[in-house]
1. (1) within 14 Å of chain A (Cβ to nearest Cβ); (2) more than 28 Å from residue B:360 (Cβ to Cβ); (3) surrounded by fewer than 23 Cβ atoms within 10 Å (Cβ to Cβ); (4) in contact with a His (Cβ under 8 Å, 6 or more places away or on another chain): which one isn't true of residue B:243, the others all being true?
2. List the pairs whose first member sits in region A:268-295 and is without any contact (Cβ under 8 Å) to a residue 40 or more places away in the chain, whose second member is of a type in the set (Ser, Thr, Tyr) and outside any helix (DSSP H, G or I), and whose Cβ atoms are under 8 Å apart, counting only residues at least 6 apart or on separate chains?
3. Can you tell me which residue within region B:52-67, out of those that are more than 7 Å from chain A (Cβ to nearest Cβ) and either closer than 16 Å to residue A:125 by Cα or among the basic types (Lys, Arg) (or both), is nearest to the chain's Cα centre (by Cα)?
4. For region B:345-372, give me each residue that is among the β-branched types (Val, Ile, Thr) and either buried (at least 24 other Cβ atoms within 10 Å of the Cβ) or touching a Leu at 6+ places or on another chain (Cβ under 7 Å) (or both).
5. Filter region A:40-65 down to the residues that are in contact (Cβ under 8 Å) with a residue 24 or more places away in the chain and either assigned to a helix (DSSP H, G or I) or in contact with a Pro (Cβ under 9 Å, 6 or more places away or on another chain) (or both) and list them by number.
6. Name the residue, out of A:69, A:96, A:52, that is under 24 Å from residue A:231 (Cβ atoms) and of a type outside the set (Phe, Trp, Tyr).
7. Would you pick out the residues in region A:68-103 that are assigned to a loop (DSSP other than H, G, I, E, B), more than 7 Å from chain B (Cβ to nearest Cβ) and charged (D, E, K, R)?
8. Give A:248, A:299 a once-over and let me know the one that is at the interface with chain B (Cβ under 10 Å from one of its Cβ atoms) and without any contact (Cβ under 8 Å) to a residue 60 or more places away in the chain.
2 protein chains.
Amino acid sequence: MREVAIIGIGQTPVGEHWEKSLRHLAHDAIGAAMRDAGIETADALYVGNMLSGELNGQEHLGALIADFSGLRGIEAMKVEAACGSGAAALRVGIMSVASGLNDIVLVCGIEKMTDAPGHVTTSALATAADQEYEVSQGISFVGLNALLMRRYMHEYGVSKEAFAGFTVNAHRNALTNPNAMFHSAVSEAAYARAGMIADPINLLDSSPVCDGAACVVLAPADRYRSRTQARILASAVAIDSLAVHDRRDPLVLDAAVISSQKAYAQARLTPVDIHLFELHDAFSIMSALSLEAAGFAPRGAGVQLAQHGEISLTGRIPISTMGGLKARGHPVGATGVYQVVEAVMQLTGRAGPNQVGGATVAMTQNIGGSGATVITHILGAV
Amino acid sequence: MREVAIIGIGQTPVGEHWEKSLRHLAHDAIGAAMRDAGIETADALYVGNMLSGELNGQEHLGALIADFSGLRGIEAMKVEAACGSGAAALRVGIMSVASGLNDIVLVCGIEKMTDAPGHVTTSALATAADQEYEVSQGISFVGLNALLMRRYMHEYGVSKEAFAGFTVNAHRNALTNPNAMFHSAVSEAAYARAGMIADPINLLDSSPVCDGAACVVLAPADRYRSRTQARILASAVAIDSLAVHDRRDPLVLDAAVISSQKAYAQARLTPVDIHLFELHDAFSIMSALSLEAAGFAPRGAGVQLAQHGEISLTGRIPISTMGGLKARGHPVGATGVYQVVEAVMQLTGRAGPNQVGGATVAMTQNIGGSGATVITHILGAV
């Protein structure tokens, strides 16, 4: 197996891109990554996307985007794992290079969500959950997460206000990320006042509907040493049931536990070795559950990390360092690639005011559904 | 890079499975393949599927199907390349094993099309084409293929009747395939009388809307010699523009040319070495164009192979040996895996009355859109 390196990164700002179509956004991110890598062509493109069929009337993004990016003739396809699609595409890209079947591989996450009416988007997002046993009962995706948050508060005696720290941290970090969707600080008082969406999840617990594209360029490490920006130390996927009621324990993300432990084993590292953790803060409750599953806090104590400032840029385990899903934004199929792009920025000292000092090991974790697919990557500095 | 072997195959009958949901169909195929391989678990599952979001309100098939098949905790994701999704998933499975990142890998193609109303299915299938430059003009996917067939007839002076041989051959072979959707012989006279769908494509030029699932089990060849049913000799993907008007030449499937030539080079074979060719006969015109692009006939002469009996089970290059997309059926995202399952049946002498005598090398070619993604595999007998 060949070691895999990241040799280029690119991203578009996250936001409401009404003036650009899906293919243009993807092309912008791919072009930026190819320029960053100093390459003019590639062997393959793997596109991470969840909802182009439902929201854009367009499947077949592999060929569409490769051709529009001037790469006619190469290998291309789309990879989907709900909101974990971006990291799933990265996983395929890593296998592609590691196997020796391709050398220069592009991984592009893309989602264009803001062109569809809100009720269409809500239905589309619910395709991440179990249609026959959950969605058919009328629950939305945010509703499922609300059930988890309510259970967490009940079981551990945690107040809703205890979750404020996740949102405050994410919005503070996004202030100085030019590619973030939101550039507005959020106070604990504002969090407490925010309108309820699905009790107990309020507007400031929730990541936004938005558009965005991000891209990384992969290559075999031994042949691209001088251009290597980061090394892939671990890549691990694990699944759980889609339906939350069918889990062993709804408050333990088993797939995140398995995926994290596999990743630590591959990289021969433990949680104390991780300098920053780009986790999947689609909702505040997912931040708490992810921190626990990945070994940064005992069961029921994830939320305390946010209360005690340990998730800030100078804390014990910085998360959402460029704003996270909450404030950078969550263009669902693109998110997993944004996380990796931001991790590479941290490892190469390009995170500007958001730099985590001395970061040489970064972990990213992208989640599909409410914990059904969990994909963990650990990246190392050169 | 590790050599990859197929150690098990499974399939459901193709048809209208109103009594089974998507997850049940997939589970049936996976269970059959795992029993055939003599395995009880797997490291990963890659699902080939095109339209579950549009037609079944369900994305996230990787985790859904892995969990429903008793494989909670493993790696899983969905791969999509329009009607080429099945072979795209196989491609990912091959990379997964070849890289050494996984050992036992399941590749399942699944599509459940018959639960949705016809106009929804027609719109969903059109997501394989270019939404902004083709579909927005009002053309359907069959309409695009009709333009290609009309152009072929005009440019080469070929009559519509000349295409009958493809349909006659496919339906004849399906008669003795218990998993085929249609068990009815079609005469040239019946073909000539068939109702027009999109002139010049009639009902008997067209593959049917249907349900089905197929599965293959992959493993590293060196560790599973005694269980190997077929060896992967080549795997190659190439893309072209989605939009037909944007092609270099609409009557040359450039992606099929590139994909075939890559595959021949990998296997160190030429067209004369291929004993059977499971091609993508979604419409008769695609059979003609594929035979030409893959090197079995010169430009404009593909249709003559059908006229002269060279595509029959005892002909020079047998195609659609178990009925093909036309008569076995075309559950779109599953088709590419059905092709490979049938090729393995031929290489292991399990094709019954449909056996191609002495077959030791088989080629499969799965196409997304009207030639935008082309994925070619060459399989060798043990």
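The values are calculated or read from the model by the stated rules, or taken from the named source; none is laboratory data. This is a predicted model, so every value here is computed, not measured. Neighbour counts are summed over all protein chains in view; Cβ atoms, including those assigned to glycine, are modelled from backbone coordinates with ideal geometry.
1. (4)
2. Sorted first by the residue in region A:268-295, then by its partner, the pairs are A:295/A:270.
3. The selected residue is B:52.
4. Result: B:356, B:360, B:361, B:364, B:367.
5. Hits for region A:40-65 are A:52, A:54, A:55, A:56, A:61, A:64, A:65.
6. Only one candidate qualifies: A:96.
7. A:103
8. Sole residue among the options that is at the interface with chain B (Cβ under 10 Å from one of its Cβ atoms) and without any contact (Cβ under 8 Å) to a residue 60 or more places away in the chain: A:248.
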